[in-house]
Amino acid sequence: MGKLPILVSWVYRKRMGLPLKYGDYALGYVENIARMMFRKPNKEYVANPIVDNALTKLLILHADHEQNCSTSTVRIVGSSHAGLFASVAAGISALWGPLHGGANQAVVEMLEDIKNDGGDVQKYIDKAKDKADPFRLMGFGHRVYKNFDPRARIIKKNCTRCAQ
């Protein structure tokens, strides 16, 4: 897990044609990732503490959310004293199935369909509102929380702070 910020930032910087930057481990996890990713050559990156705090909370909310398939898999594999990377790889593999990662895949496929159809987002919003149309917007709702996801209150408050 400690090397993940480095790997993420290096992939991003390589794709953007920027020189690679090492982290500053005196910084927090999120601030360090942002610094390694967005620092310009010969210019220091200054993190926005509101965004840093919001992203930190978002990661915590997602990491500490129920005992789903991938979380259980990581814990079970880790309990055998397998290494961190083997445990995380097992958890990622659990996302492969359509019942536990399929929602993410459905969102990507829907967005690609919208793009390939000309990118008229309003058309698809109208389709979603039409009760006679079987089209559904993917990525909304939750398998466990049918009425309200309690994390949404925290996420909404932090998104509002970031937008101000």
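The values are calculated or read from the model by the stated rules, or taken from the named source; none is laboratory data. Source: prediction; values computed, not measured. When we count neighbours, we look across all protein chains shown, and the Cβ atoms used for this are built from the backbone with ideal geometry, even at glycine.
Got a sec? Which helices (runs of 4 or more DSSP H) wholly within the stretch 80-164 have at least 3 residues that are of a type in the set (S, T, N, Q)?
102-116
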If you check ALA90 against the conditions, is it exposed (fewer than 13 other Cβ atoms within 10 Å of the Cβ) and among the hydrophobic types (A, V, I, L, M, F, W, C)? no
Give the stretch 10-27 a look and list any residue that's buried (at least 16 other Cβ atoms within 10 Å of the Cβ) and at pLDDT below 90, or say none. LYS21, GLY23, LEU27
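Quick check on SER70: is it touching a His at 6+ places or on another chain (Cβ under 7 Å), crowded, with 16+ Cβ neighbours inside 10 Å and assigned to a helix (DSSP H, G or I)?
Yes: the conditions hold for SER70.
What number of residues in the stretch 58-91 are out of contact with any Phe, Trp or Tyr (no Cβ under 9 Å at 6 or more places or on another chain) and modelled with pLDDT under 90?
We begin by selecting, within the stretch 58-91, every residue out of contact with any Phe, Trp or Tyr (no Cβ under 9 Å at 6 or more places or on another chain); these are 58, 60-91.
From what is left, the residues that are modelled with pLDDT under 90 are 60-71, 84-85.
Total meeting the criteria: 14.
Here are GLY139, GLY101: which of them is surrounded by 14 or more Cβ atoms within 10 Å (Cβ to Cβ), small (Gly, Ala, Ser) and under 15 Å from the mean Cα position of the chain (by Cα)? So that I can check it myself, show each step before the final result.
Numbers: GLY139 fails: surrounded by 14 or more Cβ atoms within 10 Å (Cβ to Cβ).
Answer to the check: GLY101.
Quick one: in the stretch 1-48, of everything that is part of a helix (DSSP H, G or I) and charged (D, E, K, R), which residue is nearest to GLY78 (Cα to Cα)? Write out each step before concluding.
Going residue by residue through the stretch 1-48, those that are part of a helix (DSSP H, G or I) are 4-16, 29-38.
Of the ones still in play, those that are also charged (D, E, K, R) are 13-15, 31, 35.
Numbers: ARG13: 32, LYS14: 32, ARG15: 33, GLU31: 28, ARG35: 31 Å.
Going through the qualifying residues, I end up with GLU31.
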Report, ordered by the first and then the second residue, all pairs with beta carbons closer than 8 Å, sequence separation of six or more or different chains, a first member in the stretch 127-144 that is within 19 Å of GLN105 (Cα to Cα), and a second member that is among the basic types (Lys, Arg) and in a loop (DSSP other than H, G, I, E, B). ALA128/ARG136
Among the candidates ASN53, ASN42, residue that is modelled with pLDDT under 90 and not basic (Lys, Arg): ASN42
Subset of the stretch 49-67 that is without any contact (Cβ under 8 Å) to a residue 12 or more places away in the chain and in a loop (DSSP other than H, G, I, E, B) - its residue that is surrounded by the fewest Cβ atoms within 10 Å (Cβ to Cβ): GLN67
